[in-house]
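The structure appears right after this line, and notes come after that.
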């Protein structure tokens, strides 16, 4: 298959927005992401694939100097603009990460659950290159990606419990598009779905290094104190052993 023949991935904005009660997001991925971000005071932040600006206010509340969110979906950007009126330090732009042209403007780039929606390795390389170019020297990019290892699997129960599930075929290959299902965390019903690209962990590393980042540091997510108190550690065992998603951290 040539790069030209790879189909773009369409994200199901409506079903994603209306999926509620995602235990995995609330008690694992969001707190783990903020742990990896660390202190953001006085940092200029770029959020790639920002959606409706889920993290914007929280980041500004803890001292970020500015926040720019970009997303390819105009619907997401419209929602972000509507829900963040009056925040002068925040701006939202409809923009494809593969075409962004920021140069040395940001102290921190968040690319959370974004890279797997690149439909090919070539496009993944371009996005990683643009992330690198947008950062000031010595600054970081952080985000979640699926843990691209051979022993990873997702069950229907995982999806119902945690809010989302990858449908990984047997003998999946690097660069193969796989299905993603979204669930209502309160009812367990499937609310929508899309496709993403299954990249091996090594492929993410290769593309990030090809962009200019010398080292890729991986962080395993953890359950928040509130999650353990509410559900117990065993409830999250299948989500974290091995982790279904992992956090990359790179420095320019």
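The values are calculated or read from the model by the stated rules, or taken from the named source; none is laboratory data. Every value quoted in this text rests on a predicted model; they were computed, and no experiment measured them. All Cβ positions, even for glycine, are placed from backbone atoms using ideal geometry, and neighbour counts span all protein chains on display.
Within the stretch 61-75, restricting attention to residues that are modelled with pLDDT of 95 or more, in contact with a strand residue (DSSP E or B) (Cβ under 6 Å, 6 or more places away or on another chain) and not in a strand (DSSP E or B), which residue is farthest from residue 116 (Cα to Cα)?
Selected residue: 65.
The conditions are (1) touching a helix residue (DSSP H, G or I) at 6+ places or on another chain (Cβ under 8 Å); (2) outside any strand (DSSP E or B); (3) in contact (Cβ under 8 Å) with a residue 40 or more places away in the chain; (4) buried (at least 18 other Cβ atoms within 10 Å of the Cβ), and residue 122 fails exactly one of them. Which is it?
Evaluating residue 122 over (1) touching a helix residue (DSSP H, G or I) at 6+ places or on another chain (Cβ under 8 Å); (2) outside any strand (DSSP E or B); (3) in contact (Cβ under 8 Å) with a residue 40 or more places away in the chain; (4) buried (at least 18 other Cβ atoms within 10 Å of the Cβ) leaves (4) as the failure.
Take the residues in the stretch 76-102 that are in a helix (DSSP H, G or I) and touching a residue at least 12 places away in the same chain (Cβ under 8 Å); name whichever of them is surrounded by the fewest Cβ atoms within 10 Å (Cβ to Cβ).
So, considering only residues that are in a helix (DSSP H, G or I) and touching a residue at least 12 places away in the same chain (Cβ under 8 Å), the one surrounded by the fewest Cβ atoms within 10 Å (Cβ to Cβ) is 83.
Condition (residue is in contact with a strand residue (DSSP E or B) (Cβ under 9 Å, 6 or more places away or on another chain), closer than 30 Å to residue 104 by Cα and either in a loop (DSSP other than H, G, I, E, B) or at pLDDT 95 or above (or both)) applied to the stretch 227-246: is it met by at least one residue?
Scanning the stretch 227-246, I find at least one residue that is in contact with a strand residue (DSSP E or B) (Cβ under 9 Å, 6 or more places away or on another chain), closer than 30 Å to residue 104 by Cα and either in a loop (DSSP other than H, G, I, E, B) or at pLDDT 95 or above (or both), so the answer is yes.
Restricted to the stretch 145-157, and to residues that are closer than 27 Å to residue 121 by Cβ and at pLDDT below 90, which residue is surrounded by the most Cβ atoms within 10 Å (Cβ to Cβ)?
Residue satisfying both the conditions and the ranking: 154.
It is to be established whether one or more residues within the stretch 35-56 are assigned to a helix (DSSP H, G or I), modelled with pLDDT of 95 or more and under 18 Å from residue 91 (Cα atoms).
yes
Just one of (1) within 20 Å of residue 29 (Cα to Cα); (2) at pLDDT 85 or above trips up residue 174, so point out which.
All conditions pass for residue 174, except number (1).
Of the conditions (1) surrounded by 14 or more Cβ atoms within 10 Å (Cβ to Cβ); (2) more than 21 Å from residue 98 (Cβ to Cβ), residue 212 clears all except one; give me its number.
Exception for residue 212: condition (2).
Kindly check whether there is at least one residue in the stretch 200-216 that is closer than 30 Å to residue 230 by Cβ and either modelled with pLDDT of 90 or more or in contact with a strand residue (DSSP E or B) (Cβ under 9 Å, 6 or more places away or on another chain) (or both).
Within the stretch 200-216 (the criterion being closer than 30 Å to residue 230 by Cβ and either modelled with pLDDT of 90 or more or in contact with a strand residue (DSSP E or B) (Cβ under 9 Å, 6 or more places away or on another chain) (or both)), the answer is no, since none of the residues qualifies.
Looking at the stretch 227-252, I want the residues that are farther than 26 Å from residue 207 by Cβ and have a partner that is modelled with pLDDT of 95 or more and crowded, with 20+ Cβ neighbours inside 10 Å with Cβ atoms under 6 Å, at least 6 apart or on another chain. Which pairs are those?
227/27; 236/223
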